[in-house]
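K.L.:
For reference, the structure I am asking about is given below.
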Amino acid sequence: MNRKMLMNLAVSGFVLGVATGCSGVGKIADAPSRAAGTPAVAAKSADKAREALEVGKPGKAVALAEAAVAASPRDAGYRALLGQAYLGDGRFASASTALAEAMELGAGDSNTILARALAEIAQGRNGEAVTLLTRHRDAVPASDLGLALALAGDSEGSLYVLGQAARAEGADARTRQNLALALALSGRWAQARIVASQDLSLAKLEGRMAEWSKLAEQPNAQVRVASLIGTSAQPDAGMPVRLALGNFADTQMAAAEPAGDAPSRLASADPAPVAAYVPPPPALADAGGSIRSVELPMPERTADGVVPVTELPRPAPAAEVILADTTPYRRAPRVGGEGHIRPAQKQALELATVMVPKAMGFDAQKPDGWAVQLGAYDSLAIAKEKWSTLKRRNGVLGSFPASSHAATVKGRTFYRLTVNGLASRADAARLCNQLKAQGQACFIRAMGGSESIQWAAKADPMRLASR
């Protein structure tokens, strides 16, 4: 399948960059092998494997790529090609193994990284996929990187990358379509439709949105990835053991040169059997200097016989023993100011005793006081979902009631998400500054009492840690 045809049929950048096996992998596989084997056989098998991938026969490509790896086991390009073939055949576990080994051998092109990320996502390992993509973000085009992050569940990172790429000068239709798909996968269907309509007719737009809806509703990760790259998931027992990278050691022991003219002696391959097992003698502990010895004088012999020794030399006296001071322990004098409440403790105490109790009395029927606005969204459902996410990230927010109400700006309706019940502007500014210090965008606004609250969430009971 050629690239021009794929450009017309593509749903995403992965169809162009991964499923065909056309770009970076081919360049790596064409490099000469640096390992032992039969490079000519490997190159011939690899060329046929690439041809099979081009015509949409991944099963045949798998057999040919396995032959190439067996003939030249330490060639990074052939292992990357094998991983691409496994991925195209819907064998995600084998693809992950082969692509990881290819990267271990030095393959670092964007197709290999993307293919491995897809294989990890298909197996439900989204965290590993995000880590891989983040580590190699400079090597992967922004259009493909953003959509891969969306498939791995990192919607915020995905929209940031694709938003920057779509606004860049010279952004193409593929980048905009990937942004639209990422918006759809994050539940922002209205924005997805607007972005997708820039490059599609109305008839094609409806079909595209229907395809994306099926993709977003698919709970099975393997089926989702398989449908995205145009294949079906297959039973996979793993990559053949004979092709594992560990089976091909890169280091060989050199034979020792015989000394002089003396013939070298080799150990017998079959040593004579031992009649009975004899355990080694027990190892004796080295006493070292722990035993003190006393030298005794030899007895003196006289004409009358042996004179017994009546006095023995005494050992040297032990060193002076230093006794601990028996003076009772006295506490060090208190430093001036010690024991006072620290600023952080003061803020927490004020939050628990002043701001939160006032916020607990917020009346959604007559909203008044000051509020901290966290964002404005296209639908009420998105605002609710965003509140759940922000509350999990920041424990302080859960102690305040939240609400959402519609506001029309320049003919477009938005749903504001606010934290309510703050009695004064100073309280609202204090909370907003605390959120900004933690990376959350916000601003303060006054509730006039006339807002029509569509949705409100009560504050969670606040728990104070014991001292």
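The values are calculated or read from the model by the stated rules, or taken from the named source; none is laboratory data. Fair warning: this is a prediction, and the values are worked out from it, not measured in the lab. Positions of Cβ are generated from backbone atoms using ideal geometry, with glycine treated the same way; all protein chains shown enter the neighbour counts. Calculation scope for accessible area: heavy atoms of the full protein, side chains included, ligands and nucleic acids excluded. Shrake-Rupley method; radii C 1.70, N 1.55, O 1.52, S 1.80 Å.
K.L.:
If you take the beta carbon distance between GLU104 and ALA237 as r and set R0 to 22 Å, what does 1/(1 + (r/R0)^6) give as a FRET efficiency, to the nearest 0.05?
P.N.:
0.50
K.L.:
Same structure again: Is region 102-254 best put as rounded, prolate or oblate by its Cα gyration tensor, with a ≥ b ≥ c the root eigenvalues, rounded for a/c under 1.5, and otherwise prolate when a/b is larger than b/c, oblate when not?
P.N.:
prolate
K.L.:
Here's another thing I want to ask about it. If ILE121, ILE444 are ordered by their accessible area, calculated over protein heavy atoms with a 1.4 Å probe, which sequence runs from highest to lowest?
P.N.:
Listed by decreasing accessible area, they come as ILE444, ILE121.
K.L.:
Name the shape class, rounded, prolate or oblate, that the alpha-carbon gyration tensor gives for region 151-202, where a ≥ b ≥ c are the square roots of its eigenvalues, rounded holds for a/c under 1.5, and otherwise prolate holds if a/b is larger than b/c and oblate otherwise.
P.N.:
Oblate, since a/c reaches 1.5 and b/c is not below a/b.
K.L.:
Ignoring ligands and nucleic acids, what accessible area does ARG193 show with a 1.4 Å probe (Å², nearest 10)?
P.N.:
Only protein atoms counted, so the area is about 90 Å².
K.L.:
Rolling a 1.4 angstrom probe over the protein heavy atoms, how many square angstrom per residue are accessible across region 93-156?
P.N.:
33 Å²
K.L.:
How many angstrom lie between the Cα centre of region 135-201 and the Cα centre of region 68-130?
P.N.:
So the two Cα centres are separated by 24 Å.
K.L.:
Something else about it: Order the following by accessible area, largest value first: LYS386, LYS57, LYS214. Probe radius 1.4 Å; ligands, DNA and RNA are ignored.
P.N.:
The most accessible residue leads, giving LYS214, LYS57, LYS386.
K.L.:
Oh, and also: For THR418, THR413, give me the order by solvent-accessible area with a 1.4 Å probe, most accessible first, ignoring ligands, DNA and RNA.
P.N.:
THR413, THR418
K.L.:
How large, in percent, is the carbon and sulfur part of the accessible surface of region 385-467 at a probe radius of 1.4 Å?
P.N.:
The nonpolar share, carbon plus sulfur, comes to 48 percent.
K.L.:
Which of rounded, prolate or oblate describes region 94-172 when judged by the alpha-carbon gyration tensor and an a/c cut-off of 1.5?
P.N.:
Because a/c hits 1.5 or more and a/b fails to exceed b/c, region 94-172 counts as oblate.
K.L.:
Please work out how much accessible surface GLU385 shows to a 1.4 Å probe, ignoring ligands, DNA and RNA, in Å² rounded to 10.
P.N.:
110 Å²
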